[in-house]
Amino acid sequence: MHPTAIVEPGAQVPASCTVGPYCTIGPNVVLGEECELVSHVVLDGHLTMGRNNRVFSFACLGVAPQDLKYKGEPTALMIGDRNDIREYVTISRGTTGGGGTTRVGSGCLIMAYTHIGHDSVIGDGVILANAATLAGHVTVEDYATVGALNPVHQFCTIGKYAYVGGGTTITQDVLPYSLTSIERNNHAYGINKVGLERKGFTPEEIKQLRAAYRLLQASKLNVSEALAAIQEKVASGEFGERVAYLADFIAKSERGIIK
């Protein structure tokens, strides 16, 4: 127990737990054996946590729900065993209108800036990636993965073993076992001319880059054919070092390029 930690009378913290600097633990918190609070963790409300959980800095668990109807009722958050709860995660306790309890299972990885709203139910082995944002009354079943920057609308259910790709907005239930993702309609809209000029690129360098981009985007060549045409012009001296770097970048890409 770090000397700067504040543990309110009534809290149950086993001697096997590690409580780091500036953590605050409310009077109705019950921790299981061998939990670790890294630093600056806030545990509030009627919070019960199982064994071997690790909670990282600035996470706030069991805090009051973000619900205008909530009037301070003694609702709860229950968390299982062996969870990693990363920086700045917020998990709200329940509301009387939603059953009174928010639940998180065991063996979950809850990454930084994730929010789990009131009365949500998270199963076992779930992965919630960075800034996954779950509204109230959301259910995420066992072994599902919710990608980074995913908002999930209230009352939605994400089925077992589903994988939701990053940046996907969920407004309906997600099928079990599915790979669900927003369409990836990304494009490179030519060169960043103004930015390059500000960084000192010469008119000739910008002209060459535009010509290289035309080969990539406006010709009927596929990426491999366009790359070969660009490399040929680099070898002949028609294109200089800026385009040579572009060609080298394309050649080394393992995931493919956005064009």
Expressed in angstrom, Rg and Dmax over the Cα atoms of the range 208-259 are 10.0, 29
Rounded to the nearest 10, the angle in degrees between the Cα long axis of helix 203-217 and the longest principal axis of the Cα atoms of the chain comes to 80
Measuring from the longest principal axis of the C-alpha atoms of the chain, the long axis of helix 223-236 (C-alpha) lies at a number of degrees, nearest 10, equal to 50
Length gained if THR96 through ILE257 is fully extended, taking 0.36 nm per residue and subtracting the Cα-Cα distance, is 53.0 nm
Mean Cβ-within-10 Å packing, highest first, puts peptides 155-164, 35-44 in the order 35-44, 155-164
Ordering 206-218, 132-144 by per-residue average of other C-beta atoms within 10 angstrom, highest first, gives 132-144, 206-218
Expressed as a percent, the accessible surface of the chain that is carbon or sulfur, using a 1.4 Å probe and the full set of protein chains, is 53
The alpha-carbon center of the range 150-180 and that of the range 234-259 are separated, in whole Å, by 38
Over the chain, the quotient of the Cα radius of gyration and 2.2 N^0.38 Å is 1.39
If the chain between THR4 and TYR245 were fully extended at 0.36 nm per residue, the gain over the current Cα-Cα distance would be 81.5 nm
Relative contact order as a percentage, the range 136-259, C-alpha pairs under 8 Å and 6+ apart, gives 16
Descending packing, highest mean Cβ count within 10 Å first, for 106-118, 48-60, 4-16 is 106-118, 48-60, 4-16
Residue-normalised 222 nm signal for the chain, counting each DSSP H run of n ≥ 4 as -39,500 (n - 2.57), nearest 500 deg cm²/dmol, is -5500 deg cm²/dmol
The Cα extents of the range 8-54 along the principal axes, largest first and rounded to whole Å, are 21, 19, 14
Hydrodynamic calc, the range 102-160: Kirkwood Rh from Cα pairs, then Stokes-Einstein at 20 °C with viscosity 1.002 mPa s, so D in µm² s⁻¹ is 201
Placing each pseudo-label 7 Å from Cα in the direction of the beta carbon, ASN186 and VAL223 end up separated by a distance in nanometres of 1.1
Any GluC sites (Glu not before Pro) in the range 153-259 that lie in a DSSP loop and have at most 13 other Cβ atoms within 10 Å would be GLU183, GLU238, GLU254
Taking Cα pairs closer than 8 Å and at least 6 residues apart, the relative contact order of the range 173-241 in percent is 21
Listed by chain and number, the lysines with an alpha carbon less than 18 angstrom from that of LYS199, same-chain partners under 8 positions apart left out, are LYS207
For GLN66 and TYR22, extending 7 Å from Cα along the Cα-Cβ vector and measuring point to point gives, in nm, a value of 2.3
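The values are calculated or read from the model by the stated rules, or taken from the named source; none is laboratory data. Note that the coordinates shown come from a computational prediction; the quantities given were computed from them, not determined experimentally. In this analysis, Cβ positions are derived from the backbone assuming ideal geometry, glycine residues included, and neighbour counts consider all displayed protein chains. These accessible areas exclude ligands, DNA and RNA; they are computed on the full protein's heavy atoms, side chains included. Shrake-Rupley method; radii C 1.70, N 1.55, O 1.52, S 1.80 Å.
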